[in-house]
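Chemist: Below: one structure in structure tokens.
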Amino acid sequence: MDAARIDPARFDALYRKYLAQVYNFAVYELGDHHEAEDATERTFLSALAGLTGFEERARPEDGLEASTFRIWLFQIARNVVAERRRRQRRRPEAPLEIASEAPDPADLEDAVVRRELATAAWGAVDRLTGDRRRAVVLRFVHEMTTAEIASILGRSEGAVRVLIHRGLRRVAGELRAPDRDPR
Amino acid sequence: MNIGATTRDGENEAFVVDGYLESLLSRTPADATDLAPELREAAAALAAGLPRYHPSFRFEESLAQRLAEAAAAMGPAAEPVAGAASAVTPFPRAPITDGALDGRAGAFRPAVIGGVLTSAALSLAGAAYVAWRRGRPAADPMARAIRAAARRRTA
């Protein structure tokens, strides 16, 4: 991090480390790979331009490798995505395709059940709205802590816990519904 | 109905869920028997089922190139962070007072050593090397013969 601040050419290491995460966040937010690429590009260019303004808030007791850079980067990504959504004024109706994996033939039935459940879970998450959806995705896809999500969304940790809890309840309700619509 | 108590119950359950998710995402799911089974199932489905997307290699490299260009245009930061690997080190002052190098009397330009070696530093180093070579006596007879042959050719 410090190396990149001294010499922007060293930003590449940070870029490689966080590219997939930022892109993934953008895909979930925008629902379109091309839009996600544009948002990712803008996020990293903005981060590079504002690198000298980044303030490390991790404390020594947080650990040697601890850094608040990811939170700062996701705050930028969130703003970029929000700006793009304001311009779009709509989200695409077509859901993203779930990445398919080749099932083991010996485990075919189990694989089919898991895939159906995953599709249903994704559909249920996709129907959540706003910060509830965002918090669930950051928690389950990016495996962020409640504290990290709270910093990114600008909310208290308690509020984030409630958002995730309600989101999970909603998803659970949909997964249990007999006439669920697996998208 | 006590709304305050309901809210507190909700917050408490959210706290329990959060602890369970922490264990689930650490791949060591806790035995959360006090948690509703449907919540545990939903959490497991989300933890295992939500896909991760990765950008294409082409996009990754193309953006890396753009960032490298943008970084090169920015140049290194003027003030280095204390304790960093790179440091601005003044190049030894040459005994030049008439501004022969860049036309400005007494001009002196620091070079960044350890991070980026600037072109100014390279040209100064080149000039110093040539001056050192010229001032050094050619002790090797073979070298003297080669130089004499070269002088004859150019003459």
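The values are calculated or read from the model by the stated rules, or taken from the named source; none is laboratory data. These numbers were taken from a predicted model, which means no experiment stands behind them. All Cβ positions, glycine included, derive from the backbone under ideal geometry; neighbour counts span all protein chains shown. Ligands, DNA and RNA are excluded from the accessible area calculation, which covers all protein heavy atoms including side chains. Shrake-Rupley method; radii C 1.70, N 1.55, O 1.52, S 1.80 Å.
Chemist: I need the phi-derived Karplus couplings for region B:48-61: 6.51 cos²θ - 1.76 cosθ + 1.60, θ = phi - 60°, integer Hz, Gly and Pro marked x.
Modeler: Residue by residue, region B:48-61 yields 9, x, 6, x, 10, 9, 10, x, 5, 4, 4, 5, 4, 6 Hz.
Chemist: Average partner chain C-beta neighbours within 10 Å, per residue of A:114-127?
Modeler: Neighbouring Cβ atoms belonging to other protein chains average 3 per residue here.
Chemist: Considering every residue in A:156-167, what mean count of other chain Cβ atoms within 10 Å of its Cβ is obtained?
Modeler: Neighbouring Cβ atoms belonging to other protein chains average 4 per residue here.
Chemist: Can you list the residues, at least 5 places off or on another chain, whose amide H is less than 5 Å from the amide H of A:ARG155, using H built in the peptide plane?
Modeler: Counting only residues 5 or more places away or on other chains, the set is empty.
Chemist: Protein chains only, probe 1.4 Å: how do B:MET74, A:MET144 rank by accessible area, largest first?
Modeler: Descending accessible area places them as B:MET74, A:MET144.
Chemist: Order A:HIS34, A:HIS142, most accessible first, counting only protein heavy atoms with a 1.4 angstrom probe.
Modeler: Ranking A:HIS34, A:HIS142 by accessible area, largest first, yields A:HIS34, A:HIS142.
Chemist: Give the Rg/Rh ratio for region B:28-78, taking Rg as the radius of gyration of the Cα atoms and Rh as the Kirkwood radius, to two decimals.
Modeler: 1.43
Chemist: Total accessible area buried between chains B and A, 1.4 Å probe, in Å² to the nearest 100?
Modeler: That pair of chains buries around 4500 Å² in total.
Chemist: As a test of understanding, state the convex hull volume per residue of region B:3-49 from its alpha carbons, in Å³.
Modeler: About 66 Å³ per residue, rounded to a whole number.
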